[in-house]
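Okay, so here's the structure we're looking at.
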There are 2 protein chains.
Amino acid sequence: MTGIKEVADEVGLSQATVSRALRGQRGVSERNRERIEEAAARLGYVASRTAVGLATGRTHLVAAVVPHVTRWYFGTVIHGAEQVLRKHGYDLLLFNLAGSAEARDRVLGTHAATKRADALLLAGLQPSDAERSWRDRHGTPAVLVGAVAEGWPSVTIDDEHVAVVAMQHLIDLGHQRIAYVGGEQANTLEFSTPGARHRGFLGSMDRAEHKVPPEYDHDGDFTLASGLEAGRALLRLPTPPTAIMCASDEMAIGVLRAARELHLAVPGDVSVIGVDDHELSEHVDLTTVRQPVEELGRLAATQLLQQLGELPGSPPLPSHVRLETELVVRGTTGPPPPLH
Amino acid sequence: MTGIKEVADEVGLSQATVSRALRGQRGVSERNRERIEEAAARLGYVASRTAVGLATGRTHLVAAVVPHVTRWYFGTVIHGAEQVLRKHGYDLLLFNLAGSAEARDRVLGTHAATKRADALLLAGLQPSDAERSWRDRHGTPAVLVGAVAEGWPSVTIDDEHVAVVAMQHLIDLGHQRIAYVGGEQANTLEFSTPGARHRGFLGSMDRAEHKVPPEYDHDGDFTLASGLEAGRALLRLPTPPTAIMCASDEMAIGVLRAARELHLAVPGDVSVIGVDDHELSEHVDLTTVRQPVEELGRLAATQLLQQLGELPGSPPLPSHVRLETELVVRGTTGPPPPLH
DNA sequence: TTGAAAGCGGTACCAG
DNA sequence: CTGGTACCGCTTTCAA
């Protein structure tokens, strides 16, 4: 491994000068700068990130913590974040909780993430008490994606509003017996989204003066499989709903499959709406409320870079960014079946 | 940030002793070890990874390079790898090429990954000349997932065999006019899988003495959208195939959608088979050849840990691990339609 | 069993 | 504009 010393010896200058030259700092004669750059390139010198980290106190690492990399939403957030981070010389440390609360403690409790990275990106997670107090003490830059918390910058959509928009669409079509497939209790990692969407559902039903029998309020865990299960249960009810709103497209696709299984027409017998605009939703012709997931990731990364002082020129992002969503009407919603 | 010095002062011992005690090394009196551990816990001391890295030369970081995090296959590989790495104290640095060859040069060419990590996990990528020579010089532990290369440990399936198995299934059902949706040229990042599967397809057709008209040999990029497009083209042919084999489930699902669009019955008019056993495949009842993707990731991580000397007890993994695949017959394949 | 001190590979301050 | 040198925070000889 060629070190800075070799380069210095090669050009007959000090390490200090080489260091300055290579980082583009002022105070190096043009002639020497060129010689240094040439020598560094020729010798294949690349500064050791570890040594730089120790000397400067910055690792140029951002820790991204997600509940599940394999879920489309989180994969896409990461994809978006990584794009902008890399552009500014930051690498992405991935912490995949994979649904285990224990993993979360290990990652955030022992500071596996926080000790090593310059900043923290939490996606789909509500910071725990331990995490917020840690951050208060150390002032590590952090950002939340898809969650809000007092004092933490965040990039989100309005989850309650999303549900209201979806519900309004169904209500406008004339539906009254609307069921909900959410994911409130199922998630051990605290997650604010399900609660907000659920509130949106209940509020809308309430304002429309429609009753919500308990069996119309179903739990899921945001996976297709859980949607399938919920769909089966709901559609086999003596009085099944005429419309089902799901807190995610993956669950909605599961419900669609349940309907198909039971030979029910969509939207003839039952309408289905989701949230996300998953890459697959277009293909199953699912009506949904689109959220700009990749952009969420990009903005979160931008937030972080700003806190890290890496974006001197750019206008500061507000600490809470809330992105617009959009109702995408496709083929799975329609008027309720005529009464009989 | 409490450092080792604070802990040492606290217990009135030297940093050396504290360091030894905390890493469980022998040569520290039991009494002092306990006092040190207590003090460290009380002070909330966690060693700086950066400093440890500089002193030991090991970062405890593994760089995982993938073409696309958002693709199910790669997300799952990462998920599997991360699980075992974390268990052994390694963190995962994610490099998402996002389909850009330029990103690849930046990541691997400038050693963004290699300089910073102890080991390299390349998924779905064939090492370039520059990469192999770099590795030859520096001896960085590395492993390939879903690709093979002279001198590189790898964890794979037999991609050619996978295609042969899929084809045999179709041929056994009586199909003769079989088309292929692959992804050979489309991928700028060199990728060995498409080639192998394509060879399997051609070889099977050849052995069965079935002709492959050029228009039956279609390109895709492993996405659903490309499958849809390929499906439309193939099924609109004057003499359409009676079966279509796709190099991935995502493309197969696209083909299924094309069939639905054109009001063709599956498998009545056309049979479709994929490769992967994507999490969705069960739900669309797709016949496919399953590969154990998560296990691929886990084994790759194990390979790496072994090279890193972190698995002293365990029997060494062979340098090329090839996992079994399995034909999963579901509802999208059947006998060809009767001739007319 | 313990401690002093020399690195690890850079950065940054202070003189010159 | 350039060089000497004191760190950064921990590990690791080498002596005691």
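Throughout, read-outs are computed from the coordinates displayed, never taken from laboratory work. Computed from a predicted model, the values in this text were never measured in an experiment. Here the Cβ is made from the backbone with ideal geometry for all residues, glycine too, and neighbour counts use every protein chain on show.
Which residues among the stretch A:57-94 fall inside the zone where the amide N is under 11 Å from a point 7 Å beyond the Cα of A:Glu294, along Cα→Cβ?
Those under the cut-off are A:76-77, A:79-81, A:83.
Using only Cα atoms and rounding to the nearest 10 degrees, what angle (0 to 90) does helix A:30-43 make with the longest principal axis of chain A?
Helix A:30-43 sits roughly 70 degrees off the main axis of chain A.
Evaluate the relative contact order of the stretch B:1-98 (contact order divided by residue number), counting alpha-carbon pairs under 8 angstrom at least 6 apart; express in whole percent. All intermediate terms of the calculation are to be shown ahead of the outcome.
Working: 97 pairs, mean separation 23.0, N = 98.
The value is 24 percent.
Could you list which residues have their amide H under 5 Å from that of B:His320, counting only those 5 or more apart in sequence or on another chain, with H placed in the peptide plane?
Distant-sequence amide H within range of B:His320: B:Ser154.
Determine the relative contact order of the stretch B:4-56: mean sequence separation of Cα pairs under 8 Å and six or more apart, normalised by residue count, in whole percent.
Details: 36 pairs, mean separation 18.0, N = 53.
That works out to 34 percent.
Could you pull out the GluC sites (Glu not before Pro) across the stretch A:168-251 that fall in loop regions by DSSP (anything but H, G, I, E, B) with no more than 13 other Cβ atoms inside 10 Å? Mind dumping the intermediate values first?
On the way: sites: A:Glu184, A:Glu190, A:Glu209, A:Glu215, A:Glu229, A:Glu250; in loops: A:Glu184, A:Glu190, A:Glu209.
Filter output for the stretch A:168-251: A:Glu209.
Only Lys, Arg, Asp and Glu count, each charged at its Cβ (+1, +1, -1, -1), so figure out the dipole size of the stretch B:4-56 about its Cα centre, rounded to 20 debye. Could you put the intermediate results ahead of the total?
Values: 9 positive and 7 negative charges, 45 e Å.
About 220 debye.
Shortest first and in nm with one decimal, please list how far the A:Gly331 label point sits from its counterparts in the other copies (point 7 Å along Cα→Cβ).
Ordered by increasing distance: 1.7 nm.
To the nearest 20 Debye, how big is the dipole of the stretch B:159-290 about its Cα centre, given +1 on the beta carbon of each Lys and Arg and -1 on that of each Asp and Glu? Kindly include the intermediate steps, with their values, before the conclusion.
Numbers: 10 positive and 21 negative charges, 92 e Å.
Dipole about the Cα centre, nearest 20: 440 debye.
So how do A:His79, B:His263 line up by other beta-carbon neighbours within 10 Å, fewest first?
B:His263, A:His79
In terms of the ratio Rg/(2.2 N^0.38 Å) built on C-alpha atoms, what value belongs to the protein assembly as shown? Numbers along the way, then the final one.
Working: Rg = 27.8 Å, N = 680, 2.2 N^0.38 = 26.2 Å.
Against the compact-globule rule of thumb, the ratio is 1.06.
For A:Leu323 and B:Leu339, FRET efficiency with R0 = 51 Å and r from the beta-carbon atoms, rounded to 0.05? It would help to have the intermediate numbers written out before the result.
Details: r = 56 Å, r/R0 = 1.09.
Plugging the Cβ-Cβ distance into 1/(1 + (r/R0)^6) gives 0.35.
Along the positive direction of the dipole of the stretch A:71-216 (beta-carbon charges: Lys, Arg +1; Asp, Glu -1; about the Cα centre), which of A:Val145, A:Thr114, A:Met167 reaches farthest?
Looking along the dipole axis, the top candidate is A:Thr114.
What residues qualify as long-range amide H neighbours of B:Gln291, i.e. H under 5 Å apart, gap of 5 or more or another chain, H built at 1.01 Å from N?
Sorted by chain and number, the residues that satisfy this are B:Asp276, B:Asp277.
Under a 10 Å cutoff between Cα atoms, tell me which one of A:Ala149, A:Ala123, A:Ala300 has the largest fluctuation in the Gaussian network model of chain A.
Its mean-square fluctuation being the largest, the pick is A:Ala149.
Hey, if you drop one equal point scatterer on each alpha-carbon of chain B and run the Debye formula without solvent, what base-10 log of I(q)/I(0) do you get at q = 0.10, 0.15 Å⁻¹?
Each listed q corresponds, in turn, to -0.67, -1.14.
How much mean residue ellipticity at 222 nm does chain B get from its helices, if each DSSP H run of length 4 or more adds -39500 (n - 2.57) and you divide by all residues, to the nearest 500 deg cm²/dmol?
Values: 12 runs with 138 residues, N = 340.
Counting only the DSSP helices, I get -12500 deg cm²/dmol.
Size of the dipole of chain A about the Cα centre, Lys and Arg at +1 and Asp and Glu at -1 on the beta carbon, nothing else charged, in debye to 20?
Values: 33 positive and 43 negative charges, 233 e Å.
Charge dipole, chain A, about its Cα centre: 1120 debye, nearest 20.
In the stretch B:149-167, whose amide N lies under 18 Å from the spot 7 Å out along Cα-to-Cβ of B:Arg132? List them in ranges.
Answer for the stretch B:149-167: B:149-156.
Quick one: among B:Pro292, B:Pro240, B:Pro315, which has the greatest mean-square fluctuation in a GNM of chain B with alpha-carbon springs under 10 angstrom?
Answer for the Gaussian network model of chain B: B:Pro315.
Pairs of alpha-carbon atoms within less than 8 angstrom and 6+ residues apart define the contacts here; what relative contact order does chain B have, in percent? Write out the running numbers ahead of the final one.
On the way: 657 pairs, mean separation 57.3, N = 340.
So the answer I get is 17 percent.
Take every DSSP beta bridge whose two residues both sit in the protein assembly as shown, then give the antiparallel share in percent to the nearest 5.
Restricted to the protein assembly as shown, the bridges split so that about 15 percent are antiparallel.
Nearest 10 degrees is fine. How inclined is helix A:293-307 to the longest principal axis of chain A, computing both from alpha carbons?
Computed tilt is about 40 degrees.
Just checking the output field for A:90-99: average partner chain Cβ neighbours within 10 Å of each residue's Cβ?
Values: counts 0, 10, 6, 5, 10, 4, 9, 1, 5, 0.
If you average over the peptide's residues, the count of other-chain Cβ atoms is 5.
Considering the dipole of the stretch B:1-148 built from charges on the beta carbon (Lys and Arg +1, Asp and Glu -1) around the Cα centre, which of B:Ala130, B:Ile78, B:Val28 is farthest to its positive end?
B:Val28
For chain A, take the longest principal axis of its alpha carbons; what is the angle in degrees between that and the long axis of helix A:249-261, to the nearest 10 within 0 to 90?
30 degrees
How would B:Met251, B:Met167 line up from fewest to most surrounding beta-carbon atoms within 10 angstrom?
Lowest to highest Cβ neighbour count: B:Met167, B:Met251.
Quote to one decimal, in nm, the extra length available between B:Ala16 and B:Asp172 on full extension: 0.36 nm per residue of separation minus the C-alpha distance between them. Present the calculation step by step, with values, prior to reporting the outcome.
Details: separation 156, 0.36 × 156 = 56.16 nm, distance 7.04 nm.
Length difference between fully extended and current span is 49.1 nm.
Residue farthest toward the positive end of the dipole of the stretch B:202-316, with Cβ of Lys/Arg at +1 and Asp/Glu at -1: which of B:His210, B:Ala252, B:Val275?
Going by the charge dipole, the pick is B:His210.
Which of the trypsin sites (Lys or Arg not before Pro) across the stretch A:231-340 are loop residues per DSSP, with 10 or fewer other Cβ within 10 Å?
Values: sites: A:Arg232, A:Arg236, A:Arg257, A:Arg260, A:Arg290, A:Arg298, A:Arg322, A:Arg330; in loops: A:Arg236, A:Arg330.
For trypsin sites (Lys or Arg not before Pro) across the stretch A:231-340 that sit outside H, G, I, E and B with at most 10 neighbouring Cβ atoms in 10 Å, the list reads A:Arg236.
Ratio of Rg to Rh for the stretch A:4-56, alpha carbon only, Kirkwood? It would help to have the intermediate numbers written out before the result.
Details: Rg = 10.5 Å, Rh = 11.1 Å.
Computed over Cα atoms, the ratio is 0.95.
Restricting the calculation to Cα positions, tell me the Rg (one decimal) and the Dmax (whole number) of the stretch B:32-146 in Å.
Taking only Cα atoms of the stretch B:32-146, I get Rg and Dmax of 17.1, 55 Å.
HN-Hα J couplings of the stretch A:328-339 from phi, Karplus 6.51/-1.76/1.60, θ = phi - 60°, integer Hz, Gly and Pro as x?
With coefficients 6.51, -1.76 and 1.60, one gets 10, 7, 10, x, 9, 10, x, x, x, x, x, 5 Hz.
Restricted to Cα positions, what overall size does the stretch A:159-290 have along the principal axes? Three whole-Å values, descending.
Ordered largest first, the stretch A:159-290 gives principal extents of 36, 32, 25 Å.
Got the A:His263 label distances to the other copies yet, label 7 Å along Cα→Cβ, in nm, shortest first?
Nearest to farthest, the other copies are at 2.2 nm.
What is the list of residues in the stretch B:305-327 whose amide nitrogen lies under 18 Å from a point 7 angstrom out from the Cα of B:Arg58, following Cα to Cβ?
B:305-317
How far is B:Asp129 from itself in the other copies, in nm, if each label sits 7 Å out from Cα along the Cα-Cβ line, shortest first?
The projected label point of B:Asp129 is separated from its counterparts by 6.2 nm.
Using a 10 angstrom cutoff on alpha carbons, build the Gaussian network for chain B and name the most mobile of B:Val272, B:Val143, B:Val84.
Comparing B:Val272, B:Val143, B:Val84 in the GNM, the peak value goes to B:Val84.
Return the sequence-ordered ³J(HN,Hα) values of the stretch B:143-151 in whole Hz as given by the Karplus equation 6.51 cos²θ - 1.76 cosθ + 1.60 applied to θ = phi - 60°, using x for Gly and Pro.
Running phi through 6.51 cos²θ - 1.76 cosθ + 1.60 with θ = phi - 60° gives 8, 10, 10, x, 7, 10, 8, 2, x Hz.
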